[in-house]
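Visitor: Before I ask anything, let me first share the structure, which is written out below as structure tokens.
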Amino acid sequence: MRRALFTSLSALITLTLFGQKTDSPNYGLKTPSSAEIVWVDFRPDATEICVTITNEIENGYFCFDRNTLLIKPDGSSVNMISVSGLPVCPDTYKFKKIGEEKSVRLLFPATGYLPWISIRENCNGGCFQFMSVICDPAINAEIDAAFRHVDEGDLNMACTIFDQMIKKYENK
């Protein structure tokens, strides 16, 4: 009993001190289509999100609006502090070729661990956004398992997993 309590307490302290990182989280909707989230890191000092953006068009360009928000589950939001890897608008990065990929890090104030987030630029057109990014490792693992069954052609098992998830996580 003491060992289990010690182990649980140690894990909690470790998560508190070092944050929680989610690799390749699942999400609902996104723009642009070539963007992918590499990881989300909830650290004590900041929340950092690493994304990649791949150019899909001739003479493509990209920048991040200063008004990029991280939206929390309660609907409140925090403004992006900084971005590295691509410029802030009105400056733009002009891609050299189709298929060129840029890695970008978005830094936000510390939010603490959140089970899900959304990221959205407040701009007039062609805005960057990821809606409903799932940061809960258990939920991501179940979604990944369901999609593996889809890839293998076992749609019945995929549907079973998704049905179970809906019942299990209906309050989330």
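Visitor: Going by average Cβ neighbours within 10 Å, how do the peptides 43-52, 79-88 rank, with the highest at the top? Write down the numbers at each step before the final one.
Guide: Values: 43-52: 17.5, 79-88: 15.4.
Highest to lowest by the protection proxy: 43-52, 79-88.
Visitor: How about residue 167: which aspartates and glutamates have a C-alpha closer than 16 Å to its C-alpha, ignoring those fewer than 8 places off in the same chain?
Guide: 142
Visitor: Which shape class, rounded, prolate or oblate, goes with the range 54-117 when its Cα gyration tensor gives a ≥ b ≥ c as root eigenvalues, a/c under 1.5 marks rounded, and past that a/b bigger than b/c marks prolate? Please report the intermediate quantities before stating the final value.
Guide: Values: a/c = 2.83, a/b = 2.20, b/c = 1.29.
The shape class here is prolate.
Visitor: Quick one: compute the contact order of the range 62-115, relative version, from alpha carbon pairs under 8 angstrom and 6+ residues apart, as a percent. Write down the numbers at each step before the final one.
Guide: Working: 74 pairs, mean separation 21.9, N = 54.
Relative contact order comes out at 40 percent.
Visitor: Now a separate question. Where does the charge balance sit around residue 47 when Lys and Arg score +1, Asp and Glu -1, over other residues with C-beta under 14 Å from its C-beta?
Guide: Details: positive: 21, 43, 72, 105; negative: 41, 45, 48.
That works out to +1.
Visitor: Tell me the label only: which of (1) 12.8; (2) 9.9; (3) 15.1 is mean projected area of the Cα convex hull in nm² as calculated from this structure?
Guide: (1)
Visitor: Please list, ordered by chain and number, the residues whose modelled amide H lies under 5 Å from the amide H of residue 60; skip anything fewer than 5 residues away on the same chain.
Guide: Sorted by chain and number, the residues that satisfy this are 95.
Visitor: Can you tell me the 0 to 90 degree angle between the C-alpha axis of helix 155-168 and the longest principal axis of the chain, rounded to 10?
Guide: On a 0 to 90 degree scale, this one is about 70.
Visitor: Using amide H atoms built 1.01 Å from N in the peptide plane, name the residues 5+ places from residue 135, or on other chains, whose amide H lies under 5 Å from its own.
Guide: The answer is 116, 117.
Visitor: Taking only C-alpha pairs under 8 Å that are 6+ residues apart, what is the relative contact order of the range 25-172 in percent? Intermediate values should be presented prior to the final figure.
Guide: Numbers: 298 pairs, mean separation 39.6, N = 148.
Worked out over the range 25-172, it gives 27 percent.
Visitor: Give me, ordered by chain and number, the residues 5 or more places off residue 67 or on other chains with an amide H under 5 Å from its own placed amide H.
Guide: 122
Visitor: Right, here's the next one. Could you list, in their original order, any pairs among 21/96; 72/97; 72/102; 102/168; 21/97; 30/168 whose Cα atoms are separated by more than 30 Å? Kindly include the intermediate steps, with their values, before the conclusion.
Guide: Values: 21/96 32 Å; 72/97 36 Å; 72/102 26 Å; 102/168 37 Å; 21/97 32 Å; 30/168 25 Å.
Pairs exceeding the cut-off: 21/96; 72/97; 102/168; 21/97.
Each value in this text was obtained by applying a stated rule to the coordinates, not by laboratory testing. Just so you know, these numbers come straight off a predicted model, no measurement behind them. Ideal geometry is used to build each Cβ from the backbone, glycine not excepted, and the neighbour counts take in all protein chains shown.
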